[in-house]
Structures are given as C-alpha cells and as structure tokens.
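Quick notes on the structure that follows.
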Amino acid sequence: MNQEEYSRAHDRVSKLLMTVVERFDDDGVVINSVVGQTINVSAGGILVNIEQSSLIGERVSIIMAFPDDVVTVEGEVVHLQKKDDGIIQTGIRFDNLSDKGWELLNESPGHE
C-alpha cells in the first residue's frame with residue numbers, strides 16, 4: 001500500500017506518549033531503535049514524530065510508554081512526511097493492538 005492508498009478506518013485520539021520505533025533486518029534482528037513522540041493514535045495505527053526515516057511498507061515494532069505500563073505492537077509504515085525542522089511524521093498501521101493496549105490509550109491523558 002502506498003501513501004495515496006492509505007485511508008483512516010478508525011477515529012484518531014490525540015495522545016502525547018513517548019514511543020520507541022524499532023526497525024529490523026531480514027533475519028528479524030533489531031537494526032536500530034528511534035525514540036519518538038506520538039501525535040495521535042487509533043485502534044488502527046499511530047502517527048509519531050521521529051528523527052529517522054523508514055520506508056513505506058517497512059515492518060516495525062512500536063513500544064508505547066504509559067505511566068504504569070508499556071505496550072508493544074507490530075506494524076507497517078504507511079505514511080511519511082518530512083517537516084521543515086527535520087522531524088519525520090511516520091504513520092504506522094497496527095497489526096495486532098491488544099484490548100489492553102486500546103484500553104490504556106483510551107484511559108491515558110491526551111493533548112490537543
């Protein structure tokens with residue numbers, strides 16, 4: 001799926017969470033981890049600001065830090081947009097956000 005074909009099927013919720021986006025090589029070994037900050041999340045995915053680009057279609061792991069818990073979810077990069085300040089807004093579609101993960105997203109404070 002390319003950026004033009006990507007559409008949102010779920011309502012987004014503005015959340016400010018620290019995240020880590022992990023990229024893998026062909027053998028499934030982590031090749032780098034980038035700390036980022038969420039812009040918004042939904043049951044279907046996350047938009048996060050990071051300083052290092054990925055590739056559309058790349059498989060990644062997202063680790064989201066909540067005040068009392070951590071949720072890890074696998075996903076696919078579906079959107080990239082480089083901002084003037086060099087930050088890259090990266091949209092990642094979730095493969096398997098757990099019910100617990102969605103509960104934490106809905107319970108934790110958001111921002112506008």
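The values are calculated or read from the model by the stated rules, or taken from the named source; none is laboratory data. No experiment lies behind these values; they were computed from the predicted model shown. Glycine also receives a Cβ, built like all others from the backbone with ideal geometry; neighbour counts cover every protein chain displayed.
So the values come out like this:
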item	result
Qualifying positions in the range 70-112 - polar (S, T, N, Q) and in a loop (DSSP other than H, G, I, E, B)	Asn96, Ser98, Ser108
Residue match in the range 29-37 (condition: over 13 Å from Arg93 (Cβ atoms), modelled with pLDDT of 90 or more and out of contact with any strand residue (DSSP E or B) (no Cβ under 8 Å at 6 or more places or on another chain))	yes
Pair list, Cβ < 8 Å and 6+ apart or interchain, from the range 40-57 residues that are touching a residue at least 24 places away in the same chain (Cβ under 8 Å) and of a type in the set (Val, Ile, Thr) to residues that are buried (at least 17 other Cβ atoms within 10 Å of the Cβ) and in a loop (DSSP other than H, G, I, E, B)	Val41/Leu17
Checklist (1) among the polar types (S, T, N, Q); (2) loosely packed, with under 13 Cβ neighbours inside 10 Å; (3) modelled with pLDDT under 90 applied to Gln81, failing item	(3)
Residues located in the range 84-112, provided they are in contact (Cβ under 8 Å) with a residue 12 or more places away in the chain and either farther than 18 Å from Ser42 by Cβ or among the aromatic types (Phe, Trp, Tyr) (or both)	Gly86, Ile87, Ile88, Phe94, Trp102
Pick from the range 30-47, criterion touching a Leu at 6+ places or on another chain (Cβ under 9 Å) and among the polar types (S, T, N, Q), ranking: surrounded by the fewest Cβ atoms within 10 Å (Cβ to Cβ)	Gln37
Residue in the range 59-69 that is assigned to a helix (DSSP H, G or I), surrounded by 17 or more Cβ atoms within 10 Å (Cβ to Cβ), at pLDDT below 90 and not polar (S, T, N, Q) present	no
